[in-house]
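Have a look at the structure below before the remarks.
Any read-out appearing in this document is the output of simple, stated calculations on the displayed coordinates, not a laboratory observation. Everything quoted here is computed from the prediction, not taken from an experiment. As a convention, Cβ positions derive from the backbone with ideal geometry for all residues, glycine included, and neighbour counts pool all protein chains shown.
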Amino acid sequence: MNHPARILTIAFVLALLGLGAWHWRDAWWPARAPAPVAGPVVVAPAAPAAPAPAASQPAVRHPIDAVAGAEAPEPAPSAPATPPTVENALARLFGQELLATMFQTDGFAQRVVATVDNLGREKAPARLWPLHPPAGRFTAHKQGEGGAEVIAADNFVRYSRHLTLVEQVDLARVVALYKRFYPQFQQAYEELGYPGRHFNDRVVEVIDLLLATPEAREPVPVRLPVIQGPMQPQRPWLLYEFAEPERQAMAAGPQLMMRMGPENQRRLKVRLMALRKLLTRT
């Protein structure tokens, strides 16, 4: 690859966290948050004072213009053929072949925003991801004769290519390009159903949720739901769910972290912690 230090560019590390899914109770678009209810009108005091944030527009916790440690993007060519966009930046960096095998570039900013937001919710539909899932299918096996089904260790190997990319990427450059195209992400986030909300706050919130994912000390039990009736699914591996209710109740992002396996989860958390430092004031 010609640009190893910029391997993921604007498809920043969070976009890779949807790579481990194996079951989807799909909806084309994530459930939108309920429209915020405006608070009571506050009468301003006679003396001049800074207005408090409105109830419908909470204070920004992690303003993107205050990101620390991000390098300035490289200067554009003297006479670019087209205006800079996320899509043509990806094409210049990766080439058409890699783009075709790893990325879903149509509505790329919308895909990134929807995926990040969905990682903190119940479902993260694969058709909204900005990246294609890894090759192969989810695998499980029984522990001993008559034992419970658990996630097979062979399943974790599927993510090797993507984790290698995550570990090689220069996160300072990722954040610099994220800042460069941030208005597109912010617009997509507001159009998703969050007017007045700050997308970078949601990114940090989801990172914290993923970092809090507990590490499994033993093989994780899974099961296939009982399908009533004569029609059985042709691809049952897409329907696996966690056997334990507390794991099945987790948001989509932590569930995906669990499916990657403990070693992959540890490697990814190291990069997420470094990314968080670049995306926050502290």
For labels at residue 211 and residue 59 in the simple 7 Å Cα→Cβ model, what's the distance in nm?
2.1
Here the Cα Rg-to-2.2 N^0.38 Å ratio for segment 187-254 is 1.60
Mind ordering 168-178, 109-119 by average Cβ neighbours within 10 Å, highest first?
109-119, 168-178
Among 249, 178, 204, the residue whose Cα sits farthest towards the positive end of the charge dipole of segment 145-282, when +1 is placed on the Cβ of each Lys and Arg and -1 on the Cβ of each Asp and Glu, is 178
